[in-house]
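K.L.:
Just passing along the structure, written as structure tokens.
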Amino acid sequence: MEGDHDQVGGTGLSGMPATVDPGTKAQILLAAGIDLQRAGHAEEAIDAYGRAIAERPDLVEAYHNLGVALRASGRTAASVACFRRALRLRPGHAATLSNLGNALRSLGETEDAVSLLRQAAAGEPGSPEIAYNLALVLRDAGRLDEAIQSFGRSLTLRPERHQVRIERGLAHLLGGNFTDGFADLALRYPSPIVPVRGKTWPRWDGSALDGRHLLVRAGDDLAETALFARFVPLAAARGVPLILEGPDDAIPLLETIEGAARVVRRGGRYANVAAEAPLPDLPRILGITLDTLPAPVPYLRVPRTPRREMAPPVPGRLRIGIMWSTGSTDGDARAPSCPLTHFLRLAERPDVDLVSLQAGAARDIRQAGAGALVQEIEGIEDPAIFAAAIAAMDLVVGVDGPAVHLAGAMGHPVWIVLPHAPEWCWMLGRDDCPWYPSAWLFRQRKPGDWAPVLRRVRAALDQALDAPPEPEPAPADEAPKTP
């Protein structure tokens, strides 16, 4: 909003006459807060709602809207108190129940969130938004069949909402239903894709192209590229000459994938192209199921380009590469990021060296007082150096992010620590991963509770390093004979 934010209907809030009764003043402040919130001025809106409540402590709309504004600004715990106060003033209000459920979902209080959103859905069964919110928290709780039904109910009420279909697809994939999951997920990738020099091509349907080329496009997300790169050789095996396109810094890594006739930088000129496909849409096009999922690791390798040399390993010591964060969590207990301090448990062993595989890690390392415990690698943000660093580790331990995906794609030993509600590719209730044979999964049992997860990682490390070596089998000619 431009202009004086305190002006509502020509009345200056800061100069409001003293003769205005508290009820009217509260309504003016409430209206101002709504306008400010819609204009993206969260702090001013929060102030206006607070002043409205001071004038009229029973103004339920002010508590509700204050809760929405606080949550949008990252103060989820404070928003919960506002929503609860609004419900005491107006019990059973569906929108407030839904917003409180959403806030508790962010705080990891999944079961309470499910209960509240069920109440909201019962109170307003015609709301596609509430059905969608209920579906999201049911998916977090691992109740996939119920979640898929609730996504379907939301789509029945409002069929045009593509995001609901995408989220339903993630629930299908989490349960191992690749056919329905990738069909829904295809909506993430519009067709045609962003034009190249004004040129677009139809989406590939898996058929032969009569000698013309297929353009496959990798995005900027290195974790996503590592996950889906395995499908490039399968697409090429259909007799389709394939051009693989990607961002500049990833080209050396993409060139290690088999099956592409050419690997090109984004936005180049392409001759004789008949169709295109986003890299993550290949499993749908190829008809991949959980039973036919290829995992021929390694399918990504260290690029043959000049790269920074890693320091040689210290004899008798295990070098573990770690990644603990994927960025800001905004107070969300469901986020995959884990405090670095939990990873330092691994460095308590005298025979372990920790190496950061995380770009921009200096601040976290300094705040954790871990400068003497965690080594950093210069240039780790370069995918080629990143891959070389992973290859130089004895083991990678990390949260769901590019380090663990690239390690898995390279066939490198990797232990992955996962939040209670993981991304779809890790599925539910298993400690192995069909996508990465070299991976071992360690899951949260309670949202936001990382300490027990890293204790289990440490116990597994102790067992691996301290277990007596298995005896070498005797040569065949020396094997004991059965009498």
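K.L.:
Go through region 438-460 and give me each residue that's of a type in the set (Gly, Ala, Ser), in a helix (DSSP H, G or I) and in contact with a strand residue (DSSP E or B) (Cβ under 9 Å, 6 or more places away or on another chain).
P.N.:
Residues of region 438-460 that are of a type in the set (Gly, Ala, Ser), as a first pass: 438-439, 448, 451, 459-460.
Then keep just the ones that are in a helix (DSSP H, G or I); that gives 451, 459-460.
Ala460 - this is the single residue of region 438-460 that is of a type in the set (Gly, Ala, Ser), in a helix (DSSP H, G or I) and in contact with a strand residue (DSSP E or B) (Cβ under 9 Å, 6 or more places away or on another chain).
K.L.:
Could you identify the single residue in Gly176, Gly169 that is under 19 Å from the mean Cα position of the chain (by Cα), closer than 28 Å to Leu279 by Cβ and free of Cβ contacts under 8 Å to residues at least 24 places away in the same chain?
P.N.:
Gly169
K.L.:
The conditions are (1) within 30 Å of Asp449 (Cβ to Cβ); (2) at pLDDT 95 or above, and Leu89 fails exactly one of them. Which is it?
P.N.:
That leaves (1) as the condition not met.
K.L.:
Would it be correct to say that Leu30 is out of contact with any strand residue (DSSP E or B) (no Cβ under 9 Å at 6 or more places or on another chain), closer than 27 Å to Asp332 by Cβ and either surrounded by 19 or more Cβ atoms within 10 Å (Cβ to Cβ) or of a type in the set (A, V, I, L, M, F, W, C) (or both)?
P.N.:
Numbers: out of contact with any strand residue (DSSP E or B) (no Cβ under 9 Å at 6 or more places or on another chain): yes; closer than 27 Å to Asp332 by Cβ: no; either surrounded by 19 or more Cβ atoms within 10 Å (Cβ to Cβ) or of a type in the set (A, V, I, L, M, F, W, C) (or both): yes.
So Leu30 fails the test.
K.L.:
Quick test for you: out of Leu173, Leu116, pick the one residue that is farther than 25 Å from Ala95 by Cα and either out of contact with any strand residue (DSSP E or B) (no Cβ under 9 Å at 6 or more places or on another chain) or assigned by TED's automatic domain parsing to the domain that holds Glu276 (or both).
P.N.:
Unique residue meeting the criteria: Leu173.
K.L.:
While we're looking at this one, here's another question. For Glu255, state whether it is within 28 Å of the chain's Cα centre (by Cα), closer than 16 Å to Leu406 by Cβ and free of Cβ contacts under 8 Å to residues at least 60 places away in the same chain.
P.N.:
Judged against the criteria, Glu255 is a match.
K.L.:
Suppose the filter is buried (at least 19 other Cβ atoms within 10 Å of the Cβ) and modelled with pLDDT under 95; does Ala403 pass it? Full working, then the answer.
P.N.:
On the way: buried (at least 19 other Cβ atoms within 10 Å of the Cβ): yes; modelled with pLDDT under 95: no.
So Ala403 does not fit the description; no.
K.L.:
Could you tell me whether Asp180 is surrounded by 20 or more Cβ atoms within 10 Å (Cβ to Cβ), touching a helix residue (DSSP H, G or I) at 6+ places or on another chain (Cβ under 6 Å) and in the same structural domain as Ala95 (by TED's automatic domain parsing)? Show your work before the answer.
P.N.:
Values: surrounded by 20 or more Cβ atoms within 10 Å (Cβ to Cβ): no; touching a helix residue (DSSP H, G or I) at 6+ places or on another chain (Cβ under 6 Å): yes; in the same structural domain as Ala95 (by TED's automatic domain parsing): yes.
Spelling it out, it is not the case that Asp180 is surrounded by 20 or more Cβ atoms within 10 Å (Cβ to Cβ), touching a helix residue (DSSP H, G or I) at 6+ places or on another chain (Cβ under 6 Å) and in the same structural domain as Ala95 (by TED's automatic domain parsing).
K.L.:
While we're on this one: Being at positive phi and touching a strand residue (DSSP E or B) at 6+ places or on another chain (Cβ under 7 Å) is the filter here, so list the residues in region 268-310 that pass it.
P.N.:
Listed by number, the list holds a single entry, Asn272.
K.L.:
Still on this structure, I have one more. Inspect all residues belonging to region 287-295 and state whether any of them is assigned to a loop (DSSP other than H, G, I, E, B), within 30 Å of Leu173 (Cα to Cα) and among the acidic types (Asp, Glu).
P.N.:
Within region 287-295, one or more residues are assigned to a loop (DSSP other than H, G, I, E, B), within 30 Å of Leu173 (Cα to Cα) and among the acidic types (Asp, Glu).
K.L.:
Of the residues Val240, Val196, Val232, only one is modelled with pLDDT under 95, at negative phi and in contact with a Gly (Cβ under 7 Å, 6 or more places away or on another chain); which?
P.N.:
Only one candidate qualifies: Val196.
The rows are residues; the columns are (1) farther than 22 Å from Leu117 by Cβ; (2) in a helix (DSSP H, G or I); (3) modelled with pLDDT of 95 or more.
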| residue | (1), (2), (3) |
| --- | --- |
| Gln149 | no, yes, yes |
| Ser154 | no, yes, yes |
| Pro159 | no, no, yes |
| Leu170 | no, yes, yes |
| Thr179 | yes, yes, yes |
| Leu187 | yes, yes, no |
| Pro192 | yes, no, no |
| Ala223 | yes, yes, yes |
| Ala226 | yes, yes, yes |
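K.L.:
Do the conditions hold for Phe151, that is, is it touching a Lys or Arg at 6+ places or on another chain (Cβ under 6 Å) and aromatic (Phe, Trp, Tyr)?
P.N.:
yes
K.L.:
Can you find a residue that is of a type outside the set (Ser, Thr, Tyr), touching a Gly at 6+ places or on another chain (Cβ under 6 Å) and within 21 Å of Ala147 (Cα to Cα) anywhere in region 78-95?
P.N.:
Yes, there is a match, as at least one residue in region 78-95 is of a type outside the set (Ser, Thr, Tyr), touching a Gly at 6+ places or on another chain (Cβ under 6 Å) and within 21 Å of Ala147 (Cα to Cα).
The values are calculated or read from the model by the stated rules, or taken from the named source; none is laboratory data. Nothing here was measured: the structure is a model prediction, and the numbers come from that model. A quick note on method: Cβ atoms are made from the backbone with ideal geometry, for glycine too, and the neighbour counts reach across all protein chains shown.
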